[in-house]
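Every read-out reported here was derived from the displayed coordinates using simple, explicitly stated rules and does not represent laboratory data. The structure presented is a predicted model; accordingly, all values stated were derived computationally and were not measured. Glycine also receives a Cβ, built like all others from the backbone with ideal geometry; neighbour counts cover every protein chain displayed.
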Amino acid sequence: MRSTLPLFAAALLIAMPAVADELVPVPAFRTAELRGGGVVTVVPGPAQRVTIVEGSSRFTHIWVDQDRQLRIDTCNEACPREYRLRVVIQSPEVPALAVRGGGQINTAGGFAPQRQLAVAVNGGGRIDARSVGAQSVSAAVNGGGDLLVSPRGSLSAAVNGGGHVRYWGHPAVSTAIRGGGNVTAGY
């Protein structure tokens with residue numbers, strides 16, 4: 001008696017969607033903003049590149065506006081339930097980073113020290129840029145969120161309506177807090 005198991009396994013493999021990284025062609029950008037969820041990792045590289053490693057451009061809109069701001073809108077109206085997005089941004093240096101309406105941006109190690117870095121969260125989310133040694137860091141949280149940074153010289157931090165800015169190192173710190181939240185040294 002012949003087994004149907006090999007036939008079933010072959011049919012299952014054919015029916016499974018191929019999972020492949022999707023390179024998104026974009027022009028040069030100065031800032032990167034994640035809107036509506038997902039996870040973005042910024043890694044060092046010789047040129048700017050944007051790759052979707054989980055998700056699809058069928059549901060996620062990625063473009064650069066006239067101000068050279070990279071925008072990542074996680075879900076369009078056709079987005080399936082339980083949609084997950086992971087994007088990798090490759091760049092010679094870390095651009096200004098922002099999260100709006102949830103999501104997370106992480107920076108990988110290996111970047112050269114940079115003069116300045118700006119990070120912001122609006123309406124929830126998290127940015128972990130501790131791996132970037134910037135001389136001057138500007139950090140802003142509005143309406144909840146978390147920022148983790150490692151300024152070498154100075155930190156200018158603002159929190160409005162709740163949120164947290166945590167910093168590592170011994171920078172000169174200036175803060176403005178309104179409506180709750182804190183700016184504290186990390187451990």
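The relative contact order of the chain comes to 16 percent, based on Cα pairs under 8 Å that sit 6 or more residues apart. For a quick check, take a GNM of the chain with Cα springs below 10 Å and name the residue from GLY153, GLY124, GLY37 with the largest mean-square fluctuation. Judging by the Gaussian network model, the answer is GLY153.
Rounded to the nearest Hz, the phi-derived 3J(HN,Hα) couplings of the range 45-57 under the Karplus curve 6.51 cos²θ - 1.76 cosθ + 1.60 (θ = phi - 60°) are x, x, 8, 6, 9, 10, 10, 7, 9, 8, x, 7, 6, where x marks glycine and proline. Neighbours of GLY169 by Cβ distance under 12 Å: Lys/Arg scored +1, Asp/Glu scored -1, total +3.
A cut-off of 5 Å between modelled amide H atoms, ignoring neighbours fewer than 5 places along the same chain, links GLU93 with no other residue. The residues neighbouring ARG35, those whose beta-carbon lies less than 9 Å from its own, together hold a net charge of 0 under the Lys/Arg +1, Asp/Glu -1 convention. In order along the range 100-105, the Karplus-derived 3J(HN,Hα) couplings, from 6.51 cos²θ - 1.76 cosθ + 1.60 at θ = phi - 60°, round to 10, x, x, x, 9, 10 Hz, and Gly and Pro are given as x.
The string of couplings for the range 121-133 from the Karplus curve (6.51, -1.76, 1.60, θ = phi - 60°) is 10, 10, x, x, x, 8, 10, 10, 10, 5, 6, 9, x Hz, one whole number per residue in order, with x for Gly and Pro. Using a/c under 1.5 as the rounded threshold, could you call the range 20-185 rounded, prolate or oblate? The axes a ≥ b ≥ c are square roots of the C-alpha gyration tensor eigenvalues, and prolate needs a/b larger than b/c, oblate otherwise. Cα axes put the range 20-185 in the oblate bin. Taking amide H atoms as placed 1.01 Å from N in the peptide plane, the amide H of ILE105 lies under 5 Å from those of VAL40, ARG126, ILE127, ASP128, each 5 or more residues away in sequence or on another chain.
Potential lengthening of the chain between GLN116 and TRP168 amounts to 17.2 nm, from the contour at 0.36 nm per residue minus the alpha-carbon distance.
Amide H to amide H, with H built 1.01 Å from N, VAL159 comes under 5 Å of VAL141, ALA176, ILE177, ARG178, counting only residues 5 or more places away or on other chains.
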